[in-house]
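See below for the structure under consideration.
Each reported figure results from applying straightforward, stated rules to the coordinates on display, with no laboratory input. It should be emphasised that the depicted structure is a prediction, and the values quoted were computed from it without experimental measurement. Positions of Cβ are generated from backbone atoms using ideal geometry, with glycine treated the same way; all protein chains shown enter the neighbour counts.
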Amino acid sequence: MPADPAQMDRIRAAFGAWLAEAGNAVTDPGAPLRPSTQVATGTPEPRVAIGGYTVIEAEDADAAVAVLRSHPFVARGGTLQVDELV
């Protein structure tokens, strides 16, 4: 997360605009995540840094990707991972 308040305001505004564009496809806008702890019966798997989440309802992975192509994080050069709820 940027320390510059003006940059943070621009990021929030861009996310709000994307949410409006995505419409009903976004069922939960999500939140940032911070690694906390792990639970395992043995040696835990290596941590995977996940910066946040958003829940999208789509017909399939391709439709979810179409919604995410205009996400402001992608526009800033970031990568979003699409996982399917099974």
Check your understanding: How far apart, in nm, are two points set 7 Å out from the Cα along the Cα-to-Cβ line at GLN7 and at ALA49?
Key -> 1.5
Check your understanding: Assigning unit charges at the beta carbon (Lys, Arg +1; Asp, Glu -1) and nothing else, what dipole magnitude in debye, to the nearest 20, does the chain show about its Cα centre?
Key -> 480
Practice item. Could you work out which residue, out of THR54, THR41, THR27, moves most in a Gaussian network model of the chain, that is, has the largest mean-square fluctuation with Cα springs under 10 Å? Key: THR41
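Per DSSP H run of n ≥ 4, the term is -39500 (n - 2.57); total these for the chain, divide by its residue number, and report the mean residue ellipticity at 222 nm rounded to 500 deg cm²/dmol. Don't jump to the answer; show the numbers that get you there.
Details: 3 runs with 30 residues, N = 86.
Dividing the helical sum by the residues of the chain leaves -10000 deg cm²/dmol.
Determine Rg/Rh for the chain; Rg is computed over alpha-carbon atoms and Rh is the Kirkwood hydrodynamic estimate from the same atoms. Working shown, then result.
Numbers: Rg = 15.1 Å, Rh = 14.8 Å.
For the chain, the value is 1.02.
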Review point. Where does helix 5-22 land angle-wise versus the long Cα axis of the chain, in degrees 0 to 90, nearest 10?
Key: 80
